[in-house]
Structures are given as C-alpha cells and as structure tokens.
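Here the structure comes first, spelled out in structure tokens, and everything after it is commentary.
The values are calculated or read from the model by the stated rules, or taken from the named source; none is laboratory data. Note that this is a predicted model, so its numbers are computed, not measured. Cβ: placed from backbone, ideal geometry, glycine included. Neighbour counts: every protein chain shown.
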Amino acid sequence: MGHVEGKGLGKNQQGRAEIIEASKQKGRRGLGSQVKGFEAKDVDWDASKDEVTVDETVSWIETCSDPVPSIEEMRTWMLEGPNKKTIDDETEFCNPDILRDILSCKSVFDHLEGEEMRKARTRSNPYELIKGVFFQNRAAMKMANMDAVLDFCFTEPRTVEGRSLVQPNELLYFADVCAGPGGFSEYVLWRKAPGETKGFGFTLKGNNDFKLEDFYSTHSEFFEPHYGKGGMHGDGDVYNPENLMEFQEFVLNSTDQKGVHFVMADGGFSVDGQENIQEVLSKRLYLCQFLAAMMILRPGGHFVCKLFDVFTPFSVGLTYLMHRAFHRVSLFKPVTSRPANSERYIICQNKRSDSLDIQTYFWEINLRMHELRSCTSFEQSTGVQHVVPLEMMKQNEAFFSYVVQSNHDLGHKQIISLAKIQTYAQNEELQEYDRQVQIRDQCLEKWKIPNNVRKAPERAVNLMQKLQALLNQTDLSDLLCQPVMLTADNLSRTVHSVHDYRCMVVGSKEPVLLLSKGKSAVMQWNGRVQSRWERMHQVNVELPRDTVVLAERVEELKGEGRGQRKVTAVHIIDGLVLCGTDIRHLHFRERIEKLRKFMRAISRPSRSDLAPIRVKETFRLEHIGKVLTSLEMRRLKSSGLPFRLCHCCHTVENGQSSYMIPAGISLYKTMKVPWMMAATRGAQAKLYFYNTETRKSQFDFPPEAQASYESCQKTQLFWEWGQGVVLNDEQQRVTNMNHHPDKVSGNAMIQYVHEKLNPKK
C-alpha cells in the first residue's frame, strides 16, 4: 500500500504515523474520563499475598473471672463529648499505619462505579461462589460457616462444663435481631429437625422485613416475628426502649420466663459515601443489639453479632463489657464475610448469671443516647463517647492486646484484599473461577451443607395422592375408623384391662384428618372414601407443609353469662406425619409428647388472627373419677339451657380457664392384641404385660405390643355423654336429670374401673 517506515499513508504521506493508543475508558463515564489508580493496564496479582484456607481457627479473649462491676460503679464511667465525623485519629487500639492504609485503600474506590467494583470483587474473592447455596441469601451461609467452625455451639448449645444447654423435651429457643430478611434463622431452622426449634424475630418493618415466604429449605411456621410495642403492628425499631421492653416480655412469656438459648444479630444500614465512619454511625446499633441480647438470653446462653471496625473507645468499651458478661468472647471474621470489607462478628459464649448490672448499664446508656438524639441534631449534638474508662481497658493487658492484635490482623487482610480488588478492576482478564469452585466444594463439605440447588417446595394438587405418598401406602381405610359405642350392656365385654387405655375428653365423636400444604393451606377430610378434601370452616390455622394430624374443631368458652366470650380452636387428638416424618409407629404416649412439643414450636400468640391449636389432655382410664368430678355446670350465653356441663380444656397463666361442652370420652387402647397390661396384687402392685394367646407374662415392655396409630383407631371406644347420662353429683343436682338404664353413668364407670383395679380374691 506504499507504506514507508515513519511516514503515514496518503498521497502526501500525511496519515497518522503513531500506533493508536489503547482505550483507557472504564465504565459508562464520559469519553476521555479516567479514574486515578484504575488506568487500564496489563497488571497481574501476586498470589503469594493471598491467605486462602478452609480450616479456620477462632482466638478467644482470656476469660475474666473477676466479679461483674456494680451498676453504681459503671454509672461513673459514661462520658459525653462532641460526635465524631472521622476515625483517622483512633489509634489507641489500632496501629496507626494499619488504620491509615485501610482508610487510604477504601478511598481509592470513591469514584469507581458500583458495578465495576462489584465485578472486580466477585472475580477476586476466593470464597465468592459459596453465595447462599439453597438458602435465601449469603447471610445464611455466614451463620452456617460460624456455627460449624465453633463446633455447632449455636444449634447444639452447651454449658461451660460441656452439657447440653437444652433440657430434655425442651425446644431450642433462639432470637434473630435486626436480621431481616432472615437468612440466619432459615439456616438454624434447616439445621434442626422440624418441631425441635422455635425462633423469635425482631427487625424493622418495611423493605428489609423478614421474608418468611422465601424460607424454601425449611418451615417458617417455627419462626415468629415480633416488632415491639404493638406486636405485629409495631415498627421494630431496636433503638426504641419501649420496643425492647415489649420484645423482652414477649420472649420471656414464650419461654417459661427462662429466655432463649442463643441470640443472633446482623444489623446494618447503608453508609454509601461514608464507609470510613461506618463504625461511628453504627455505635448505637451495636449497643442496642447487645442490650436486646442481654435482655432475653438465659444464663449460659450464646450471642453472635455483626460489627464493623472496632477502633473507637465506644465500640471497644462495649466489647469489654461483653467480655465481663460472658465466659468467652471472640472477634472473628468468617471466610464467608468478604475479606475486603470491615465486617466481623463478636461471638459471646455462656452468659454469666451475675451480668444483670451490665444489662442495666446498657439500658441506661441507650436512654441517654435517646435523650441526646431527640433534643439536638447530629451535626451539632454531643453524644456518649466512652462507656468504659480508657485506662481500665488498657490495664487489662489480655483484653487490650487481644483487641489491638485483632484489629491488626483483620486490617492487614483487608488492605491486601482491597489492593487485590483494585488490581482486578484494572485488569479485567484476571479471574479465580477454578479456585472458587474448588474452595466452595471444600467449605460445604466441611460445614456439612449439601451442595444442592435452591428451589421452591412443590405444592400438592391431588391430596389423596399426597397423603398416600406421605404414608407410603395406598390403603387409607384405617386412618379414621368408627369407634365402638360404650353402653351399659357391653362395658364389661369391651374393656378388659383399664391399664390398656388412654383417654381424652372430646367435643365430637367424628374428628377429621388435617393435611397442610404449608402456611394456612390446611385441608380437612372426614375419612370417607366418597368425601373430598375441603378447607376448615370458619377457622384460620397454619401448619407446616406435609403435616397430617387427627383433630377436631372446638368452640372454647371463657367467662360466664353476658361477659362470656367464644373462641374457635383446633384440638389435636393424634398425629400421623409431622413435616414429612411418619410417627404412626410410635407409642401413643410418645406421639402425644411429640405433638405437644411440635405445637409449642408453631404456637404464635402474637397472631390474633390465628385460631389456637392445642393437643388434647390425655389421662389413664384408672383416673376417670378425677376427670368426672372436675366437670362443672356453667351458665352459657345464648343457650337453650340455663346451665350446661363443661370441661376445662385450657388454663392460662393468669388462672383464667377455657371451657368446652363435651360430647364424651374417646378411649384408645395402647396395647396391641394379643397383649394386655395387668397389675400384681398386694400393697406394692406392679404393672406387667400379659400375652392372651401364649398365656405368658413379663415385666419388660414387649416392642411387638406397641399399638400403632392404625391399631388405636381400630380398637377405639367412645363413651358418649348426652341426654340420659348422669356424670356427677353437681349435674344431677342442677338438672335433676333421670339416668337412662341403657347408658353408662359416671358412677357406673367409676365403679367398674374400681372393680377392675381391685378384683376380689
């Protein structure tokens, strides 16, 4: 083409002679615009600077055995001063070079577009592909990460001595504070078996509220949000002292006044453009999360809370107070927390029983901050700057050196990671995908998390097929059987051993099966082949999906006469499947105990729109006398009869009881034919098991004698109460009723049971 070295093309060699310079354009900013420090160039990253591992270790502050300071002493520690707008001079607990480099590295990104920053961060972080796995977000995996590294101290909490913190037959109680949309809680509920755990949530209402509908991996019915004053109608503001008091009362009332076993807190808010003072802006959030935990944690309980930088005396002071309130405390950054940010977690194990004064001190600090905030603007106001004297923290050498070393180690890693992101932003060819995949697989295996894909649970359409699949059988004929009606004529022929029967007072002789598709999609079936599944009438209940129980709808009564109130409730009689787990093979007593625990876990007293769900009280047939004498004649509102016989079905804490109009007693034989129970004669009577076919007896329970759900259904009896059945003296006196000779009276049943228990020699 006539090119001459050093000359341009064209008739007169007037064309461009120099090589066209590569574009330095980054992002969508204007042509020719450049960001200092991010000029496009072929740079590479020195991999030796990276410290990538899946074997994490946790360092703890040396345990403090000194008594907790008194509230009178701590009140003298609080100091106020002008609110800070920078932290570049906070070098008491951090090496000045580390602090300077952190702030400098962060400032480099001030003019880089957010999308460019995110892409570079994603490519450079070795742990980025862990993401949320099958949970709703990355927060769930942070909790899974920390729980596993800490030997599952949250989902299997233990005392200082190593014993389980959860008592036998007790639920694992936890609270999730400032943690919407709820990733922490989703993990905990997934890790534990359904019905073993109950969670309480407290967070701001609005866009960052709990998203329970996104708990795909587990059952959100075991989690109950609360928003402080007003309950479900509150705002969830953790700064508000009234909200904290209401939440504390709610949690304590729901845990027999014991408190929860552990608290998680993951509060944060946007600090765009103010990243360097995130710690200063978050100081009250730190305080109120600590306070909320102290108010609801039982002695021995654990706490984990997200922090950011811990450079200021205020943040370090709060950490010091937690160090005095708990047996062990650590500042820990899990690998699931992006290495370039300042995020870390304070982990507190085994709350001390003498820490109430620290809780009181936190409360008073928050009240003072509330007063200061409400009377002046942030720009002009003073605030609480010290909560523990600086010299006191420095004199505690173990604590002081730990905080300084922690800030140094985490700060050093953050500086390296920020420099790495800068390099990856400069060179878009750099990536770590292969190593990210490998690390992801290693971490999931170590944390015992299946490498599954997130997907929404399937919703059943054909409920008969769904029930057959849950029970793993096609024949459903024995799920609801018509009972044998007890009469004066057949009583002696049907009830051979009173020890074999467990009984309950019911409101109807025709219960229904309930099958839940999740939440309020609870369907009922009367057991007849020709009948269809239908919604429960005039009652709103929620049950976890894949749960099947035998139940009845009951009108509970409170009060008497004109002041009487009626509440529709659901009473559980027996259980078949709980969250997909078949329990029909268990002993009747075990099924009832499991149902009670399960229903405690899904109980949500804050939801006034939901009908209460209760498991029926059961009793042995030999105790029938106590049951009959406890029946009361009560005046009912809008009833054709002035008085009706009532049974107390529930007693609340304030002593007020709920009553129901009983239809009779269902008797379930818990021994499988040909076995029966009998008692030895004499003053020290002892129960034994007798086989009516082999005529052999034994004291040890024979496993083959255990009656399944179907066996109980086939052999059930029903003692119907109604017109012509006199049950106790009060009923006889008030109604002057004549007993029908063909029916079983209360005295006749008591007499028959007495004769069976005390046979004539």
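Structure notes:
- Some residue of the stretch 213-235 being without any contact (Cβ under 8 Å) to a residue 24 or more places away in the chain, closer than 26 Å to R298 by Cα and small (G, A, S): yes
- Single unsatisfied condition, Y659 versus (1) in a strand (DSSP E or B); (2) modelled with pLDDT of 95 or more: (2)
- Residues in the stretch 144-179 that are within 20 Å of Y216 (Cβ to Cβ) and more than 13 Å from the chain's Cα centre (by Cα): A144, N145, D147.
- Filter pass, F152 being aromatic (F, W, Y) and surrounded by fewer than 20 Cβ atoms within 10 Å (Cβ to Cβ): yes
- Across the stretch 509-553, the number of residues qualifying as in a loop (DSSP other than H, G, I, E, B) and either within 23 Å of the chain's Cα centre (by Cα) or surrounded by fewer than 21 Cβ atoms within 10 Å (Cβ to Cβ) (or both) comes to 26.
- First in the stretch 517-543 and of a type in the set (G, A, S), second anywhere and at pLDDT 90 or above and not in a loop (DSSP other than H, G, I, E, B), Cβ under 7 Å, 6 or more apart: G527/L513; S531/W525
- E186 buried (at least 21 other Cβ atoms within 10 Å of the Cβ) and part of a strand (DSSP E or B): no
- Residue in the stretch 218-253 that is farthest from C178 (Cα to Cα), counting only those that are surrounded by fewer than 22 Cβ atoms within 10 Å (Cβ to Cβ) and polar (S, T, N, Q): N253
- All positions within the stretch 604-630 that are modelled with pLDDT under 95, among the hydroxyl-bearing types (S, T, Y) and closer than 20 Å to V570 by Cα: S606, S608
- Counting only helices (runs of 4 or more DSSP H) that sit wholly inside the stretch 72-157, those with at least 2 residues that are at pLDDT 95 or above and small (G, A, S) are 138-149.
- The selection criterion, being of a type in the set (A, V, I, L, M), touching a residue at least 60 places away in the same chain (Cβ under 8 Å), in contact with a strand residue (DSSP E or B) (Cβ under 9 Å, 6 or more places away or on another chain) and buried (at least 16 other Cβ atoms within 10 Å of the Cβ), does not hold for M393.
- Flag if Q473 is over 26 Å from A340 (Cα atoms), polar (S, T, N, Q) and over 31 Å from the mean Cα position of the chain (by Cα): yes
- Flag: F701 matches the condition of being in a loop (DSSP other than H, G, I, E, B) and over 21 Å from N490 (Cβ atoms).
- Residue list for the stretch 554-588, filter: part of a strand (DSSP E or B), in contact with a Gly (Cβ under 8 Å, 6 or more places away or on another chain) and surrounded by 18 or more Cβ atoms within 10 Å (Cβ to Cβ): V554, H571, L578
- Being outside the structural domain of F311 (by TED's automatic domain parsing), in contact (Cβ under 8 Å) with a residue 24 or more places away in the chain and surrounded by fewer than 17 Cβ atoms within 10 Å (Cβ to Cβ) is a property that holds for L79.
- Considering residues of the stretch 715-724 that are at pLDDT 95 or above and surrounded by fewer than 20 Cβ atoms within 10 Å (Cβ to Cβ) only, the residue farthest from Y752 (Cα to Cα): Q716
- Hey, E730 surrounded by fewer than 20 Cβ atoms within 10 Å (Cβ to Cβ), touching a Leu at 6+ places or on another chain (Cβ under 8 Å) and within 22 Å of Y501 (Cα to Cα) or not: no
- Selection count where residues are in contact (Cβ under 8 Å) with a residue 60 or more places away in the chain, buried (at least 21 other Cβ atoms within 10 Å of the Cβ) and more than 23 Å from the chain's Cα centre (by Cα), scope the stretch 284-327: 14
- Among the residues of the stretch 48-68, those identified as over 33 Å from the mean Cα position of the chain (by Cα) and in contact (Cβ under 8 Å) with a residue 60 or more places away in the chain are K49, D50, E51, D66.
- Criterion (among the acidic types (D, E), at pLDDT below 95 and closer than 30 Å to M117 by Cβ) met by exactly one of E458, E429, E371: E429
- Complete set of residues in the stretch 189-218 that are part of a helix (DSSP H, G or I) and in contact with a Phe, Trp or Tyr (Cβ under 6 Å, 6 or more places away or on another chain): L189
- Those helices (runs of 4 or more DSSP H) of the stretch 373-454 in which at least 1 residues are under 24 Å from Y320 (Cβ atoms) and not polar (S, T, N, Q), considering only elements entirely within it, cover 390-395, 397-426.
- Here E161, E170 are screened, and the one residue that is touching a helix residue (DSSP H, G or I) at 6+ places or on another chain (Cβ under 9 Å), among the acidic types (D, E) and without any contact (Cβ under 8 Å) to a residue 24 or more places away in the chain is E170.
- D475 falls short of the stated requirement of being surrounded by fewer than 20 Cβ atoms within 10 Å (Cβ to Cβ) and not assigned by TED's automatic domain parsing to the domain that holds W525.
- The stretch 1-57, residues that are small (G, A, S), exposed (fewer than 10 other Cβ atoms within 10 Å of the Cβ), modelled with pLDDT of 65 or more and in a loop (DSSP other than H, G, I, E, B): G2, G6
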